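Below is one structure, written out as structure tokens; the observations come after it.
The values are calculated or read from the model by the stated rules, or taken from the named source; none is laboratory data. Just so we're clear, the structure is a prediction, and the values are computed from it rather than from any experiment. Cβ placement follows ideal geometry from the backbone for every residue including glycine, while neighbour counts extend to all protein chains displayed. The protein model used for the area step is the full one, side chains on, heavy atoms only, and it has no ligands, DNA or RNA in it. Shrake-Rupley method; radii C 1.70, N 1.55, O 1.52, S 1.80 Å.
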Amino acid sequence: MIRLFVANDLSEGGEIVLPETQGRYLTQVMRRGPGDEVLLFNGRDGEWRARIATAGKRVTTLALVDQTRVQPPLGGLVLVMALVKRTPLETVVAKAVELGVAEIRLVTTERTNADHTRIDRLEAIAAEAAEQTGRLDVPRIHPPEPLLMALDTGPGGGRLIYCDEAGDAPPLLEALGGQTPGPMAVLIGPEGGFSASERAGLRSRSGVIAASLGPRILRADTAALSALTLVQAALGDWRT
């Protein structure tokens, strides 16, 4: 069944008007009409079954029928990602949503090779990935900020896996040994890697765990998805 992410509150007996773009997608692209059912979620009220009440050229309304799933607790895995070029960044956002991240924080570093991005486009990509994968929430995507400023907020409850390819960090799964499930952040640097001063600063911080992703030099997008996969397999919701 088609799933749509909406901003509206969802409750029994309610009725919502879809934004024109979603209404057009539902009625013109997917060829749904009055009486057809869809699933809705907003990241707060669980998942709801809704029935198309009206399907006009500009206005599509949905009548809420019943709740199909309750809203689960938010996950604790945060991706802290250095800005990279548009295509790999969009790939990371979509796949990170599939891999269960609760939040994405974009950062700039000394070697960042991109200085801006369209947050609205990334949010749309994240929402589409959530619709397709059955998630009941869409991770928040923070606008880019300097690396140290982002770390000062303590993403991941203060525990941060720092993917360091300098050559002296233990493999990621080994670095996770002794860690317990719970909030955690994964930090991925830019294509050029972290500078020596950034590495030194990271290692001096409490709660930062340096780890290696193997003997090969990985692209930033490959590194992000590899690290998230390993953390989810070792400590995250893949264990449930």
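For A220, neighbours were defined as the other residues whose beta-carbon sits under 14 Å from its Cβ, and their charges (Lys and Arg +1, Asp and Glu -1) total +1. With contacts taken as Cα pairs under 8 Å at a separation of at least 6 residues, the chain carries a relative contact order of 19 percent.
Ranking F5, F194 from most to least accessible surface, computed with a 1.4 Å probe over the protein chains only, gives F5, F194. T229 sits among other residues whose Cβ lies under 11 Å from its own Cβ, and their net charge, with Lys and Arg +1 and Asp and Glu -1, is 0.
May I ask you to give the solvent-accessible area per residue for segment 95-208, in square angstrom, as obtained with a 1.4 angstrom probe?
On a per-residue basis, 47 Å².
For the chain, the membrane-span-like helices by this rule, meaning whole DSSP H stretches whose C-alpha atoms cover at least 15 Å of axis and whose Kyte-Doolittle mean is 0.5 or above, are 220-234; this says nothing about an actual membrane. Bridge orientation summary for the chain: considering DSSP beta bridges with both residues in this region, about 40 percent are antiparallel. For the chain, give the percent of accessible area contributed by carbon and sulfur heavy atoms, probe 1.4 Å, rounded to a whole number. Carbon and sulfur: 52 percent of the exposed surface of the chain. Looking at segment 1-55, the DSSP beta bridges with both ends there are about 60 percent antiparallel. From the alpha carbon centroid of segment 162-185 to that of segment 60-121 is 22 Å. Protein-only accessible surface at a 1.4 angstrom probe places the residues W48, W238 in the order W238, W48, largest first. The residues Y25, Y162, sorted by heavy-atom accessible surface at 1.4 Å with ligands and nucleic acids left out, run Y25, Y162 from largest to smallest. The mean sequence distance of close C-alpha pairs (under 8 Å, at least 6 residues apart), as a share of the length of segment 28-71, puts its relative contact order at 35 percent.
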